[in-house]
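Take a look at the structure set out below.
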Amino acid sequence: MKQIKCDVAIIGSGIGGTTAASLLLKKGYSVQVVEKLPFYGGRCQTLDHHGFRLNTGAAMIGDSIHGALCREVGAELELRVPNPVFKFRIRGKDFTAPPKRMWQAIIGAAAKDDAEADRVFSAWMKAITWAEPSYSMSMDDWARQYTSNPLVLKLFHFLTCGIGVNSYELPAGEFFRQITQGATMTWAYPPRGCGQFSDALVGAIKRMGGDVWTRCPAVKINVKNGAATGVVVQKDGEQIEIVAQTVISNMPPHRTVEMTGEECFSPGYLKDVNKILGSPMICFEFMSDKQLPSLEGSSCYCFTEYKRAFMILDFTPLCPEMSPKGKHLLEAACVPGSVYPPYDIKREVALALGDLRQNMPDFDKNAKLIKIRVARGDWGVTGNIPGIGNLSIKTPVYGLYAVGDRSAPEGWWCSLAALKSGRLVAEDVAKRFKPA
Amino acid sequence: MVVVDQEKCIGCQICSAFCPVEALEGYGVIEINRETCTECLACVGTCPMDAITEVK
């Protein structure tokens, strides 16, 4: 079998894999990334559908997280920051969220009086600045201690849907950890979709001497005496062994186990792997010939009265590059009634379309459906349901790391979590292994 | 012939971005429109869930 040698072999070019690759190349390691799909970035890529740029996953990224990484590794990335970020529909009227004290203002707008707003916001601040609530209660249970107002309760449901889970299924402690981590984030759009972030990182990887092979599935992770020794991949019809002292897997954990062999892992680890479950989300891509009057003045229109569809984005005012000239590209999102399977996709879709019609009287007249994209399982909107317990970045096999949002510490989610895991792995590799 | 494994497909629509003739239809689970499909195999290898295969 043909062999190549490098310091670090990375399976999967999602955010976790490319983050680790770019940081390790910068530290002087030789790195080879392999990707089974024909594109890189995984759930952070943008594909062309007849001139419309549809994201495979992430719709927005953070300047202070993703932008900062690009600047650190010399990847060129343009980001456009929406202003304002959110517009809410509350009691049938529009409320534009101010950039400062945003959540105080939104809770205030949804509350029936000042006393209720103060009660809820004080509890919110205490949870952020003093101690996060228990992981043993759901976010919905937490909120019901302070209000029974369906609008305020739905506001918290909206917030948890943003991270891919229902408020009654998310531990309150996890929610507040995530809020604290993301509090200083500036959300932004790359002009041609979030795939530009992955493209920028891969560009930097190649400039630093690394490479990413697409259409190149891994078939086996090699282990000797309990330590990783490399990866066998299928490339252009032949098998190649990549010999490396460090292997980083950006695959779903069960795939890592299958490719390495169950016998290499402890029974406890295998149990943890079996608990990992991606969160479902249904995304609706629409086009319109003009801006929907409902969406005027904001890129993100958020609902407080809905069964499933909690928001809709209009990419076009800020990023006209996302659609053919003169057309608007809109994306609505829906979290199923339960994030646990089985899912009745047809029913979820019908409920979500009903929400869009109810919240936007101009919707049916102006918007035309392009695609309904479903994320779930291994290709979930998050790789693991937030709050149910992620894996460590280190597997029981010495030198075999796991990156991706399933391997991030508690309180990190989606693309932020994937990036964090890549950073943690790069730091750990640098401590333990020297470049050849 | 190209087939979609109905158990594995999640409806992510990635394959449909690679189909030159819009033969990959539906939502939830993708179905191949046999009248439109030209068997060009462009969709094979594009599925994150490995749900699309060529059957000879």
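Could you pull out the residue among A:67, A:28, A:42, A:16 that is small (Gly, Ala, Ser), part of a loop (DSSP other than H, G, I, E, B), surrounded by 20 or more Cβ atoms within 10 Å (Cβ to Cβ) and in contact (Cβ under 8 Å) with a residue 24 or more places away in the chain? Checking each option against the conditions leaves just A:42.
Could you list, in sequence order, the residues of region A:338-363 that are touching a helix residue (DSSP H, G or I) at 6+ places or on another chain (Cβ under 6 Å) and either outside the structural domain of residue A:284 (by TED's automatic domain parsing) or open to solvent by 80 Å² or more (accessible area, probe 1.4 Å) (or both)? Answer for region A:338-363, where residues must be touching a helix residue (DSSP H, G or I) at 6+ places or on another chain (Cβ under 6 Å) and either outside the structural domain of residue A:284 (by TED's automatic domain parsing) or open to solvent by 80 Å² or more (accessible area, probe 1.4 Å) (or both): just A:357. Looking across A:71, A:53, one residue alone is of a type outside the set (Ser, Thr, Tyr) and within 14 Å of another protein chain (Cβ to nearest Cβ). It is A:53. Of the strands (runs of 3 or more DSSP E) lying entirely inside region A:222-268, the ones with 1 or more residues being open to solvent by 30 Å² or more (accessible area, probe 1.4 Å) and over 20 Å from residue A:405 (Cα atoms) are found at A:227-235, A:238-243.
Filtering region A:90-109 to residues that are more than 17 Å from residue A:298 (Cβ to Cβ) and over 26 Å from the mean Cα position of the chain (by Cα) leaves A:91, A:108. Looking for something among the β-branched types (Val, Ile, Thr) and away from every other protein chain (no Cβ under 13 Å) - is there at least one such residue anywhere in region B:12-26? No, region B:12-26 contains no residue that is among the β-branched types (Val, Ile, Thr) and away from every other protein chain (no Cβ under 13 Å). Condition first: touching a Leu at 6+ places or on another chain (Cβ under 8 Å), modelled with pLDDT under 95 and outside any strand (DSSP E or B). Now tell me which residues in region A:298-314 satisfy that. Within region A:298-314, just A:299 meets the criteria. Among residues belonging to region A:419-434 that are in contact (Cβ under 8 Å) with a residue 40 or more places away in the chain and open to solvent by less than 50 Å² (accessible area, probe 1.4 Å), point out the one that is farthest from residue A:23 (Cα to Cα). Among residues in region A:419-434 that are in contact (Cβ under 8 Å) with a residue 40 or more places away in the chain and open to solvent by less than 50 Å² (accessible area, probe 1.4 Å), the one farthest from residue A:23 (Cα to Cα) is A:433.
Summed over region B:18-29, residues that are surrounded by 18 or more Cβ atoms within 10 Å (Cβ to Cβ), in contact with a Ser or Thr (Cβ under 7 Å, 6 or more places away or on another chain) and assigned to a loop (DSSP other than H, G, I, E, B) total 1.
Just one of the listed residues (B:15, B:37, B:43) is surrounded by 14 or more Cβ atoms within 10 Å (Cβ to Cβ), within 8 Å of the chain's Cα centre (by Cα) and part of a loop (DSSP other than H, G, I, E, B), namely B:43.
The set of residues in region A:393-409 being within 22 Å of residue A:42 (Cβ to Cβ) and in contact (Cβ under 8 Å) with a residue 40 or more places away in the chain consists of A:395, A:400, A:401, A:402, A:403, A:404, A:405, A:406, A:407.
Determine whether residue A:57 is open to solvent by 20 Å² or more (accessible area, probe 1.4 Å), under 19 Å from residue A:424 (Cα atoms) and not in a helix (DSSP H, G or I). No: the conditions fail for residue A:57.
Annotation for region A:99-122: at least one member residue is modelled with pLDDT under 95, open to solvent by 10 Å² or more (accessible area, probe 1.4 Å) and on the phi > 0 side of the Ramachandran plot.
The values are calculated or read from the model by the stated rules, or taken from the named source; none is laboratory data. It should be emphasised that the depicted structure is a prediction, and the values quoted were computed from it without experimental measurement. Here the Cβ is made from the backbone with ideal geometry for all residues, glycine too, and neighbour counts use every protein chain on show. To get the accessible areas, we keep the full protein, side chains included, count just its heavy atoms, and leave off ligands, DNA and RNA. Shrake-Rupley method; radii C 1.70, N 1.55, O 1.52, S 1.80 Å.
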